[in-house]
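The values are calculated or read from the model by the stated rules, or taken from the named source; none is laboratory data. Since the model is a prediction, treat every value here as computed from it, not as a measurement. Backbone-built Cβ (ideal geometry, glycine too); neighbour counts: all protein chains shown.
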Amino acid sequence: MLLTNSENLRPEIMDILRAFGCDDADMTHYFSYGGGKFYNCIEYLGNFYDFENEFKVEDDLTFKRFAKRFAKLSVYKVLSENSSVKLPWGALTGIRPTKLAYSEIKAERSYEELFETFGVNAENISLVSEVLKTQQKIYNSPRGGADLFISLPFCPTKCEYCSFITAPISSTRGFVEEYINCLVREINAVKPLIQRLNSVYIGGGTPFVLETSGLEKIFEAVKNAFPDIPEYTVEAGRPDVFSEEKLALCKAYGVTRVCVNPQSFSDATLEKIGRKHTASQTLKAYEAAKKFGFDINLDLIAGLADESVKDFEKSVDTAISLNPENITVHTLSLKSGAKLKENIKRLNIDGINEMVALSRTKLTQGGYKPYYLYRQKYQAGGCENVGWCKEGKECAYNINVMEEISDNVAVGANAISKKLFSEDERIERYATPKDIPTYIAKIDKIIKDREKLFSKE
Ligand SMILES: C[S@@+](CC[C@H](N)C(=O)[O-])C[C@H]1O[C@@H](n2cnc3c(N)ncnc32)[C@H](O)[C@@H]1O
Ligand code: SF4
């Protein structure tokens, strides 16, 4: 176990140790602060390193923030020097790079300089700048609205790499009817909490795994509560559950954007990750959705199974050749809950940096712009997920959620609502139970608790 005199800094240091795949028992850390200086002393594998950073601290929050930053930076320097490895985001962990950039801009500091200090590579600094540019229209539009998220944690089967709280419908079918009844109650209850609706996102799980009649009940409730929806996404999901009937239903209820998710266009990979569909089913689902005129998002994952750079390149090329409005490139992340996690100690995937680099080059050449960006723990190569869009086709929901610039009213199980308080930039959260039977049992309390949060001034 890592020895440190600062429990507050332990999680930050552990993030860096994990990113390098290093044993925490090999490190001892000592933190102190005095005379405006942050001191981090580290012993690693018998060698000693001392770091001293000066920063003018105005308040407790800034102190905590910079104590974490300097501790991470010190540990990063030690591990990077010892391993001769540089991570693409350097010592930046557990933070959305764009949010950090915005907060630096607000504080009239240069985020580029901060990122450089933290060892972020030049390509990633310019990626952040590009994302900020693409987001400008939505980021600068009037604040004060809300987005509605509807959680449908049901899937045809569980994919090997997935850590989302979702279960195969075969084990949850018995709850579906009651679950939908609860959703309808919640949708009615949140109507008065939303003064201006920016967007609706029905996500999963795999919403299209539900019967058409079940989906229709949800759409009907949404329409009755919110007749005018500027942007309406259904993360329909896995191509094996697509049908013309469900797509037609989406169209009839004003859905504007649909996600058809290949993850990979290699049948061998799809089989290995337990996706239970083929690439040709993805192409059919895509064509079927396109006929209805939806904006379409395709999700890809870099680092799946034992894919080579060539395999991944083929998936990127195929996705671009279809010309969808959005393509989201994830890099594999293995958190607890994923079946695959037990098999992988360290996310050291051959060629992952090359895959990420080629996706950026090809998407840019294909006329796409990066419009949102986020990172997760345990992500292959310490990389990131990037949403790409054709000109003017940014998904407002994704930007609003990632940058936390509007309230999020989230209904269903494992749904996290967020209320923004602009005067002190505070965000308060309310999470519903993850487990479906508990969600159903506590529905009255959930409705009351959420009301309480959103009626706070
Ligand atoms: C909430 S999932 C739902 C999508 C839908 N159920 C499907 O699988 O097509 C959204 C996206 O997250 C990505 N994702 C899920 N698990 C991941 C993992 N372990 N690493 C990287 N990306 C992941 C996938 O690209 C997936 O399409
Ligand atoms: S990746 Fe999608 S379909 Fe697969 S288990 Fe996760 S949420 Fe379900």
Practice prompt. Would you check if residue 349 is modelled with pLDDT of 95 or more and either among the polar types (S, T, N, Q) or surrounded by 15 or more Cβ atoms within 10 Å (Cβ to Cβ) (or both)?
Written response: no
Worksheet, complete the sentence: The number of residues in segment 390-438 that are among the hydroxyl-bearing types (Ser, Thr, Tyr) and in contact with a helix residue (DSSP H, G or I) (Cβ under 7 Å, 6 or more places away or on another chain) is 4
Worksheet item: Just checking, how many residues over segment 269-282 are in contact (Cβ under 8 Å) with a residue 24 or more places away in the chain, hydrophobic (A, V, I, L, M, F, W, C) and more than 10 Å from ligand 1 (Cβ to nearest atom)?
Response: 1
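To keep it simple, each residue is scored yes or no on (1) buried (at least 19 other Cβ atoms within 10 Å of the Cβ); (2) at pLDDT 95 or above.
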site: 398; (1), (2): yes, yes
site: 413; (1), (2): yes, yes
site: 431; (1), (2): no, yes
site: 434; (1), (2): no, no
site: 441; (1), (2): no, yes
site: 454; (1), (2): no, no
site: 457; (1), (2): no, no
Worksheet item: With respect to residue 285, is the statement that it is surrounded by 20 or more Cβ atoms within 10 Å (Cβ to Cβ) and touching a His at 6+ places or on another chain (Cβ under 9 Å) true?
Response: yes
Discussion item. Tell me yes or no: at least one residue of segment 179-196 is farther than 21 Å from residue 415 by Cβ and assigned by TED's automatic domain parsing to the domain that holds residue 399.
Written reply: no
Practice prompt. For residues that are assigned to a loop (DSSP other than H, G, I, E, B) and touching a helix residue (DSSP H, G or I) at 6+ places or on another chain (Cβ under 6 Å), scanning just segment 151-175, find the one that is nearest to ligand 1 (Cβ to nearest atom).
Written response: 161
Discussion item. Going residue by residue through segment 86-109, is there one that turns out to be touching a helix residue (DSSP H, G or I) at 6+ places or on another chain (Cβ under 9 Å), farther than 30 Å from residue 387 by Cα and outside any strand (DSSP E or B)?
Written reply: no
Fill in: Lone qualifier among 209, 241 - being in contact (Cβ under 8 Å) with a residue 60 or more places away in the chain, closer than 18 Å to residue 162 by Cα and either away from ligand 2 (no atom under 13 Å from the Cβ) or assigned by TED's automatic domain parsing to the domain that holds residue 313 (or both)
241
Worksheet item: In this structure, does residue 297 turn out to be within 16 Å of ligand 2 (Cβ to nearest atom), crowded, with 20+ Cβ neighbours inside 10 Å and at pLDDT 95 or above?
Response: yes
Discussion item. Checking the condition in contact with a strand residue (DSSP E or B) (Cβ under 8 Å, 6 or more places away or on another chain) and under 24 Å from residue 297 (Cβ atoms), which residue from 209, 176 passes?
Written reply: 209
